[in-house]
Amino acid sequence: MKMFSKFCFSATLTLFSFLILLPTICFAHLPFYEPERLRAYNWNQIPKSYATYDKSLEDFSFSNPFDIKRQTAVKGQNVTLRPYAAYVVNILLNGVNDYDVFKYNKTDNAEMIFTGYLQVPACKEYENFYPALALLGPLTTKNSKTKEYIFKRPNQKDLSEFPWNFGEGYGYISVQDSSAGQLKQRDIFRPSNVIGVEDFQPHGLNISCLPLDNQPPKCSSSSALIVVPISDPGVYFWVVWDRDGFVQRKDFISKGKYGRYQEVKRKDASLVGGTTDDFTPADFARLADLQGEGSTLHTKCTTPENPVYISDYSSS
């Protein structure tokens, strides 16, 4: 597997980009868009394969989560599940109280390495944006390797950082790039042979930290990456939110300083998950339905000063 095959897609790619790149890139992560992200940018229409036209269902929430298992399946005369398929879901956090939810309904006892982390478009306007990622699951779930319980029961302090309510019997683990607010420059991932794909990469992320093909990673940990082996059946949820913005807003409001808080209402991000490159010809039909005008970014995108480009997953 070539290193550049990872993250071949970003929020800025359109159908035109896909057609131009067909001869040269190795398709890997299956790309998806949150309908709200497309609608908010006033695209001509929401592609039929991406969403219902009911506006109340255009946001990925607990009542309408992105169903990873169903969406990554190959749909044809028969439905073929791809439980380990690598994917990237481009989303919009529409204000600091917004959060996006992704569901995986695990129905068997086979070990699956749940893997996820976040990327942000490489725009100067997003240099200080570090969204947080949580994996939620039943409190009884154990790590299939260590046999230790995985999920933490949220206490009162924890709950103050989450803009959602926890279901009965559920706990969480969460990550946020530990370099948040400390870097003068952020690493930008740009595949060496692909034009127009640029995202801020979690600082220090190394390819050895990624469990390729559902095999255990070689590195032990990464501050911005969740990697956990699970055999227990259950319904698990990924949740993405702007933890810093949410906590800051609550702090300002509690002190009555409404006027001092300048909220950036819309922020773009991407959840990346899965472990196996599994892009097939059947996926082209879905991509052909993704047509619109312009970028899907919700900010002016200025090139960062003195950018540090990385063309693979070696740590900086």
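For the range 107-142, which GluC sites (Glu not before Pro) are in a loop by DSSP, counting at most 13 other Cβ atoms within 10 Å? Write down the numbers at each step before the final one.
On the way: sites: GLU111, GLU125, GLU127; in loops: GLU111, GLU127.
Filter output for the range 107-142: GLU111.
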LEU30 long-range amide H proximity, modeled H, under 5 Å: ALA86, TYR87, VAL88
Of LYS267/LYS300; LYS69/LYS152; LYS106/LYS157, pairs whose Cα-Cα distance is over 21 Å: LYS69/LYS152; LYS106/LYS157
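FYI, it's all coordinate maths here, none of it is from the lab. Computed from a prediction, not measured in an experiment: that's the story for all the values here. Heads up, the Cβs are rebuilt from the backbone with ideal geometry, glycines too, and the neighbour counts pull from every protein chain shown.
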